[in-house]
Every structure is written in structure tokens, then in C-alpha cells.
Amino acid sequence: MEQKSTNVKWHSHAVTHQQRIAHKGHQPAVLWYTGLSGSGKSTIANAVDALLHEMGCHTYLLDGDNVRHGLNGDLGFSDKDRVENIRRIGELAKLFVDAGLLVSTAFISPFQADRKMVREMCGAGQFIEVFVDTPLEVCESRDPKGLYKKARNGEIRNFTGIDSAYEAPSAPEVHLQTAECSIEECARQVVEHLVAQGLVRKTD
């Protein structure tokens, strides 16, 4: 990214990143949920967020639609705008991680290069790609917002899975096959990964 801001200086904080982590009692990370529209990203991310909250973790959830109501309200759905959408979310998620939180992001994020960009923003082990793998026909049958129907009718352009590509992750940290497990099972699978990686402690 071209740096257009001039006469700016990075200011160090009195409270360090490690102090923030110690205060929270768990490791920070980005849980990056990616998948087609209607795959269940937001639903699963919400279920995981609730489980982590019950475990005493400090969390926040960034949802694609919610962010486009404010921070990214000036962006459309062209390939260029999709890239900028993810860049901004990556920078925002990085700030949450610096604050010591477990931040979940539920975005289609269709391009591998963009997800790689965000991974490289994060520290080692702080980016966890969660592939919500749901067949297109299942997503289209759900069509909770009626978007697939509009895309098929030509009312929406650049719709992922119809006339815009989705590049599936090749090696996600967590691979959720929603046709084979419930929302609750998917959520537990994510939390179990966090426990196995030592990011959070399992509670009784």
C-alpha cells in the first residue's frame, strides 16, 4: 500500500502488548472465517464467540455486513473494492490483536492473496483461517437475503460463486464441512483448535 500520510510518527505505548496479553489471561489471535455467502460464517462465528465468552475470554466479532454499514460503507463489490475491504479489516483486526483480544471476522474474502495479506500483517500463530466449506447449491438453497436469486436474474453483478470467483483456502487451520456437522459441532471444533494450540485454556 502506498503511504500517502506525511509528517506522521509512530508513538510507542506505555502499556506493552505482552502486558495486555497477561491482563487478558489468554493469547490473542484473528479467527478469519471465509466461505460463500450463506455458508454459515456469521452464525458459526457468533456461536464460537459465545463459547469463548463463557470461558472468560476477551473477544470481538467483526461481521461483513455490519462493517459495511460504517467503516467500509464507501466500498462496493468490485474486485478492487473487495481488496480494499479486506485490507481495512485486516488492519482493524491487527489492532484488536495488539489489544490482546481474540477477534473473529466473518467475511467472504474470496481471494487467496487478500487472506495471505492479512496473515502477513499478524504475528506468528496469530492468524487462524477457518474455512466454512458449504457447497454452492446448499448456500443457494438457503439464500437468506435473496441475493443468489438476484444474482441469477442479473440484478446483482460481481456476486461470489455466480459471476465472481471464490478461491478456496488450500491449507486452512480449521476446515469446517457444514454438510457433515451442526453449528454447535462446528463451533466446538474451532474452540478445540484454540485449546490444542495453547491460545485458550479449557474450562471445566
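The values are calculated or read from the model by the stated rules, or taken from the named source; none is laboratory data. Only a predicted model underlies this, so the values are computations on that prediction, with no experimental measurement involved. Cβ sites come from the backbone with ideal geometry, for glycine too, and all protein chains shown count toward neighbours. In case anyone asks, the SASA skips ligands and DNA or RNA and just uses the protein heavy atoms, side chains included. Shrake-Rupley method; radii C 1.70, N 1.55, O 1.52, S 1.80 Å.
Here's a check for you: in segment 74-87, which residue that is outside any helix (DSSP H, G or I) and either small (Gly, Ala, Ser) or closer than 25 Å to LEU194 by Cα (or both) is least open to solvent (accessible area, probe 1.4 Å)?
Ranking the qualifying residues of segment 74-87, first place goes to GLY76.
How about segment 180-190: which of its residues are open to solvent by 20 Å² or more (accessible area, probe 1.4 Å) and touching a residue at least 60 places away in the same chain (Cβ under 8 Å)?
Once the filter is applied, which keeps residues that are open to solvent by 20 Å² or more (accessible area, probe 1.4 Å) and touching a residue at least 60 places away in the same chain (Cβ under 8 Å), segment 180-190 yields ILE183, GLU184, ARG188.
Hey, can you tell me all the residues within segment 139-154 that are out of contact with any Lys or Arg (no Cβ under 7 Å at 6 or more places or on another chain) and touching a residue at least 60 places away in the same chain (Cβ under 8 Å)?
CYS139, GLU140, ARG142, PRO144, LYS145, LEU147, TYR148
From (1) open to solvent by 50 Å² or more (accessible area, probe 1.4 Å); (2) aliphatic (A, V, I, L, M); (3) modelled with pLDDT of 90 or more, pick out the condition that doesn't hold for LEU71.
The number of the failed condition is (3).
Restricting attention to segment 57-72, does a residue exist that is closer than 17 Å to GLN189 by Cβ and of a type in the set (Lys, Arg)?
For segment 57-72, residues closer than 17 Å to GLN189 by Cβ and of a type in the set (Lys, Arg): absent.
Here are GLN177, GLN197: which of them is closer than 17 Å to ALA45 by Cβ, out of contact with any helix residue (DSSP H, G or I) (no Cβ under 8 Å at 6 or more places or on another chain) and open to solvent by 20 Å² or more (accessible area, probe 1.4 Å)?
Going through GLN177, GLN197 in turn, just one is closer than 17 Å to ALA45 by Cβ, out of contact with any helix residue (DSSP H, G or I) (no Cβ under 8 Å at 6 or more places or on another chain) and open to solvent by 20 Å² or more (accessible area, probe 1.4 Å): GLN177.
Would a scan of segment 94-102 turn up a residue that is of a type in the set (Phe, Trp, Tyr) and under 25 Å from GLU185 (Cα atoms)?
no
How many of the residues making up segment 111-137 are open to solvent by 40 Å² or more (accessible area, probe 1.4 Å), more than 15 Å from the chain's Cα centre (by Cα) and free of Cβ contacts under 8 Å to residues at least 60 places away in the same chain?
Number satisfying all stated conditions: 3.
Condition first: among the hydroxyl-bearing types (Ser, Thr, Tyr) and either surrounded by 11 or more Cβ atoms within 10 Å (Cβ to Cβ) or not in a loop (DSSP other than H, G, I, E, B) (or both). Now tell me which residues in segment 141-170 satisfy that.
Those that are among the hydroxyl-bearing types (Ser, Thr, Tyr) and either surrounded by 11 or more Cβ atoms within 10 Å (Cβ to Cβ) or not in a loop (DSSP other than H, G, I, E, B) (or both): SER141, TYR148, THR160, SER164, TYR166.
Within segment 88-107, can you find the residues that are of a type outside the set (Gly, Ala, Ser) and either open to solvent by 40 Å² or more (accessible area, probe 1.4 Å) or assigned to a strand (DSSP E or B) (or both)?
Listed by number, the residues that qualify are ARG88, GLU91, LEU92, LYS94, LEU95, PHE96, ASP98, LEU102, VAL103, THR105.
Using beta carbons and a limit of 9 Å, which pairs, at least six apart or on different chains, have the first residue in segment 57-78 and within 19 Å of THR160 (Cβ to Cβ) and the second one at pLDDT 85 or above and open to solvent by 70 Å² or more (accessible area, probe 1.4 Å)?
Within 9 Å, the pairs are ASP63/ASN46; ASP65/LYS145; PHE77/ARG157; SER78/ARG157.
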